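Remarks on the structure that follows.
Taken together, the values in this text are just the output of simple stated rules run on the coordinates, not laboratory data. Keep in mind that this is a model prediction, so the values were computed, not measured. Note: ideal-geometry Cβ built from the backbone for every residue, glycine included; neighbour counts use all protein chains shown.
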Amino acid sequence: MQIKQLNWPHFAERDPHKKIRHLVVHCFAFSVSKSLKLWDKFGVGPHYMIDNKGQISQFVGENKVAWHAGKSCWRGDSGLNATSIGIELYTPSFGQKPYPKAQLDAFVKLATQIIKKHHIRPENVVGHSDIAPTRKLDPNFSFPWKEMAKYGIGLWPKKQIKQKSLKRTKTLLKEIGYDVSDEKAALLAFMRHFMPERVPVDRGAVDKMEENLPKVIAKMPKEDKEIRQILVDVAAIYNKKN
Ligand SMILES: [Zn+2]
């Protein structure tokens, strides 16, 4: 695996009491050169970036904190910069069109290595929008989580649970790991991850995706049987004590 080293100046030392236990997947739509300028201006950046041809660049060492997650929460942990490694994927469609194979191949190699090295549990491999559902949409609905789960990157339900669950939607979302202080936003983040074909967005609005989030949330459809079923199935695998 060829990795270009960038020696990024924006990072912090890790707190030795905070073990690495999350892998956060992002995407960005501006060109690589424009994004580097913007991230540098704001003093942020991931650990790694993979361009759409599969070239990997490393910004910051894994033993340092990189600034990629912002205000975030997952399964009771908050401020995930302190405990995570972040990978940015360049996608001009902002994750609305399929990710190129070369890019995904590189992602699988890199993510597998990181997961093994730090013993990251599959339920802690997340998208930025999973951990910041009111603020973020990336890596968006085209990131192939189902396919990734075949490589041990994240979790995906294998079977349908036949019994009807009486648990509230909010409870199920919380059991998976979502911050449910805004339930609609959490449910939409869940759908981007586990029901990409049902995401109620204006698929044409590429440039304004982040700004459109409040509108997207307003368009949230009424909960239906299919959403319930998948919620129950996903909550069951995230809850499994293994
Ligand atoms: Zn992000």
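Loop-resident trypsin sites (Lys or Arg not before Pro) (DSSP state other than H, G, I, E or B) in region 31-136 with no more than 16 further Cβ atoms inside 10 Å of their Cβ: Lys53, Lys71, Arg135. A straight line joining the Cα centroids of region 86-106 and region 5-19 runs 24 Å.
Ordering His119, His68 by the number of other Cβ atoms within 10 Å of each residue's own Cβ, fewest first, gives His119, His68.
Quick one: pull the percentage of alpha-carbon pairs in region 1-66 with a separation above 16 Å. Everything past 16 Å amounts to 49 percent. Orientation-averaged projection of region 74-204 equals 8.7 nm² [convex hull of Cα atoms, one quarter of hull surface area]. The Kirkwood radius of region 5-133, taken over pairs of alpha-carbon atoms, gives through the Stokes-Einstein law at 25 °C and 0.890 mPa s a diffusion coefficient of 167 µm² s⁻¹.
Ignoring the sites themselves, the chain has its longest run without GluC sites (Glu not before Pro) in a DSSP loop having at most 11 other Cβ atoms within 10 Å at 1-210. Each helix, a run of at least 4 DSSP H residues, gives -39500 (n - 2.57); summed and divided by the residues of the chain, these come to -9500 deg cm²/dmol at 222 nm. Helix 32-42 and the longest principal axis of the C-alpha atoms of the chain enclose an angle of approximately 90°. Normalised by 2.2 N^0.38 Å, where N is the number of residues, the C-alpha radius of gyration of region 99-148 stands at 1.21. A viscosity of 1.306 mPa s and a temperature of 10 °C, combined with the Kirkwood radius over C-alpha pairs in the Stokes-Einstein formula, give the chain a diffusion coefficient of 87 µm²/s.
FRET efficiency for the pair Lys64 and Asp224, taken as 1/(1 + (r/R0)^6) with r the Cβ-Cβ distance and R0 = 51 Å, rounds to 0.70.
Looking at the chain, the DSSP beta bridges with both ends there are about 30 percent antiparallel.
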